[in-house]
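> One structure is given below, represented as structure tokens, and several questions about it will come after.
The values are calculated or read from the model by the stated rules, or taken from the named source; none is laboratory data. Remember, it's a predicted structure, so these values are computed and weren't measured experimentally. Every residue, glycine among them, receives a Cβ derived from its backbone with ideal geometry; neighbour counts consider all protein chains shown.
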Amino acid sequence: MTYGSSGDLQRYAEVIVKVGLNLQPGQRLLIGAPIVYIGSVPLELAPLVRAIVAEAYRVGSPLVEVIWEDPQLQAVRLEHAPAGSFEEVGDWRYRAGLEFVERGGAILSIYGEDPGLLAGHDPGNVATLKGQANKSTSPLWQLLSQGAVNWSAIVAPVSGWTETLFPDLPATEARDVFWDTIFEICRAKEADPVAAWQQHLSQLAVRAETLNRRRYQALKVTGPGTDLTVGLIEGHLWHSGGLKSQAGISFTANIPTEEVFTLPHRDRVDGVVTSTKPLVVDGVTVERFSLTFKGGRVVASEATNGASALQNLLDTDEGARSLGEIALVPHSSPISQSGKVFYNILIDENAANHLALGQGYRFNVEGGAAMSAEEFAAAGGNSSLIHVDFMIGSGQMNVDGIGEDGVTEPLMRDGEWAF
Ligand code: ZN
Ligand code: ZN
């Protein structure tokens, strides 16, 4: 267990508590409330969790609690539980999250999942399990997405996932290499990781502020297989990783984070876009796919692999064919430089420029939080049951901003910031 004794682990815990959560003296912390399907803490992450808990008490938290989970129990349930079991949810985990939030406590969710864990089980039962869990997490997720408290979602290597990413290495070496990669992309290898994060977050904030001042009506995105014009909503707001809770506590909801992002106009997206990294849909890897947009909707799609899974995704509902996010990430980001696909959206979406099919974020438009569903739609916001990010960026991508007067300005050249 080399990672457990390393200074890197200690520094990672510091990043999580001081930058991710910005946990306050006197504030309780719950680790492992699921916020979207997964999030409970696998037993094997005990060394990381102990380091986080120690750091939380050091900054003055009076109480830290953890919801542990043995992920294998899901497979055991799918194999042995009687028919009808999969509608049943013990929702105490979700209620624990609500209770902590009501008392002003912070929430930490850990994203580490063996992508093959549920493979080979009845897909219908797996879908029922996940669907029930998603329904149960919804009230907590609503509160967190409105900034009810400071919260954060982080990643950690777990077995199964490690073997998937490093199939050629012996188990312990694979685990150490994976941890090392996580420490690297989460800036835990910096001598002063908290200072490094503050500098990084303020650079992202300056990008977002500059883009907000420029008020582009559209972005033009070009690269190999991509020539797309993405209209932006009037009153759109660019955001970066730094958020503020309703109590005024600054926090970073995702560690790592490299993106600045905003809201496309549901009806003003035209052209073709080609993915630069694979996308996993319901366990199927969709590779090298292209989408053709007309009037904001996908009118044609193709993929070298997984075309029917992509088709199913697009057919989810009315809004699944339109965009809910456009995000800019320089090609030189540490995640992109690692050259790996992690099959985990929390990491992968920070590797490259991306778009998301489906639901848009209310906070990406002025006054969005107070809008009714009708008002959000009338403003050009997209609604859907899904929000699926897919990567379009590369070292060959150019992005231009188109102003109200039609004048274009370069934003990215060959995958790097041009302003
Ligand atoms: Zn994003
Ligand atoms: Zn997204």
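> Which members of the stretch 61-93 meet the condition of being closer than 23 Å to Y111 by Cβ, at pLDDT 90 or above and exposed (fewer than 13 other Cβ atoms within 10 Å of the Cβ)?
Across the stretch 61-93, the qualifying residues are D70, L73, V76.
> Shifting gears a bit: Could you list, in sequence order, the residues of the stretch 370-399 that are surrounded by 22 or more Cβ atoms within 10 Å (Cβ to Cβ), assigned to a loop (DSSP other than H, G, I, E, B) and within 16 Å of ligand 2 (Cβ to nearest atom)?
Of everything in the stretch 370-399, those that are surrounded by 22 or more Cβ atoms within 10 Å (Cβ to Cβ), assigned to a loop (DSSP other than H, G, I, E, B) and within 16 Å of ligand 2 (Cβ to nearest atom) turn out to be G381, N382, I392, G393.
> Let me ask something additional. Checking G367 against (1) away from ligand 1 (no atom under 16 Å from the Cβ); (2) at pLDDT 90 or above; (3) crowded, with 19+ Cβ neighbours inside 10 Å, only one condition comes out false. Which one?
(3)
> Would you mind finding the one in L144, L118 that is closer than 18 Å to L29 by Cβ and in contact (Cβ under 8 Å) with a residue 40 or more places away in the chain?
L144
> So, of the residues in the stretch 130-141 that are within 17 Å of the chain's Cα centre (by Cα) and at pLDDT 80 or above, which turns out to be surrounded by the fewest Cβ atoms within 10 Å (Cβ to Cβ)?
Taking the stretch 130-141 and keeping what is within 17 Å of the chain's Cα centre (by Cα), we get 134, 137-138, 140-141.
Narrowing further to those that are at pLDDT 80 or above: 137-138, 140-141.
Values: T137: 23, S138: 13, L140: 26, W141: 16.
Looking at residues that are within 17 Å of the chain's Cα centre (by Cα) and at pLDDT 80 or above, I get S138.
> I'd like to know if the stretch 180-190 contains one or more residues that are crowded, with 21+ Cβ neighbours inside 10 Å, among the basic types (K, R) and under 17 Å from G112 (Cα atoms). Step through it out loud before you land on a result.
The initial filter retains those residues of the stretch 180-190 that are crowded, with 21+ Cβ neighbours inside 10 Å, namely 182-183, 185-188.
Narrowing the set further to residues that are among the basic types (K, R) leaves 187.
Okay, now just the ones that are also under 17 Å from G112 (Cα atoms), so none.
No, the stretch 180-190 has no match at all.
> Take the stretch 154-166 and flag every residue that is in contact with a helix residue (DSSP H, G or I) (Cβ under 8 Å, 6 or more places away or on another chain) and assigned to a loop (DSSP other than H, G, I, E, B).
A156, P157, V158, S159, F166
> Filter the stretch 325-356 down to residues that are within 12 Å of ligand 1 (Cβ to nearest atom) and farther than 12 Å from E259 by Cα and give me whichever is surrounded by the most Cβ atoms within 10 Å (Cβ to Cβ).
A356
> With the stretch 259-364 as the region, which helices (runs of 4 or more DSSP H) entirely inside it contain at least 2 residues that are within 21 Å of M397 (Cα to Cα) and within 16 Å of ligand 2 (Cβ to nearest atom)?
345-348
> Out of H387, H331, which single residue is in contact with a Gly (Cβ under 7 Å, 6 or more places away or on another chain) and farther than 19 Å from G225 by Cβ? Spell out how you get there, then give the answer.
On the way: H331 fails: farther than 19 Å from G225 by Cβ.
So the residue among H387, H331 that is in contact with a Gly (Cβ under 7 Å, 6 or more places away or on another chain) and farther than 19 Å from G225 by Cβ is H387.
> Just to be sure, is R95 within 23 Å of I249 (Cβ to Cβ) and either touching a Pro at 6+ places or on another chain (Cβ under 7 Å) or without any contact (Cβ under 8 Å) to a residue 12 or more places away in the chain (or both)?
Working: within 23 Å of I249 (Cβ to Cβ): no; either touching a Pro at 6+ places or on another chain (Cβ under 7 Å) or without any contact (Cβ under 8 Å) to a residue 12 or more places away in the chain (or both): yes.
When the stated conditions are applied, R95 does not pass them.
> In the stretch 237-256, how many are buried (at least 23 other Cβ atoms within 10 Å of the Cβ) and not in a strand (DSSP E or B)? Talk me through it step by step, then tell me what you get.
Taking the stretch 237-256 and keeping what is buried (at least 23 other Cβ atoms within 10 Å of the Cβ), we get 238, 240-241, 252, 255-256.
Going one step further and asking which of them are not in a strand (DSSP E or B), we end up with 238, 241, 255-256.
The total comes to 4.
> What are the pairs with Cβ atoms under 6 angstrom where one residue, in the stretch 381-392, is at pLDDT below 95 and within 14 Å of ligand 1 (Cβ to nearest atom) and the other, located anywhere, is part of a loop (DSSP other than H, G, I, E, B) and acidic (D, E)? Sequence gap at least six, or different chains.
Here the result reads D389/E349, each pair linking the stretch 381-392 to a residue that is part of a loop (DSSP other than H, G, I, E, B) and acidic (D, E).
> Look through the stretch 240-252, keep the residues that are in contact with a helix residue (DSSP H, G or I) (Cβ under 8 Å, 6 or more places away or on another chain) and at pLDDT below 95, and return whichever of them is farthest from ligand 2 (Cβ to nearest atom).
In the first step, residues of the stretch 240-252 are kept if they are in contact with a helix residue (DSSP H, G or I) (Cβ under 8 Å, 6 or more places away or on another chain); the result is 240-242, 251-252.
Filter once more, so that each one left must be at pLDDT below 95: 240-242.
Details: S240: 13, G241: 12, G242: 16 Å.
Only one residue fits best here, namely G242.
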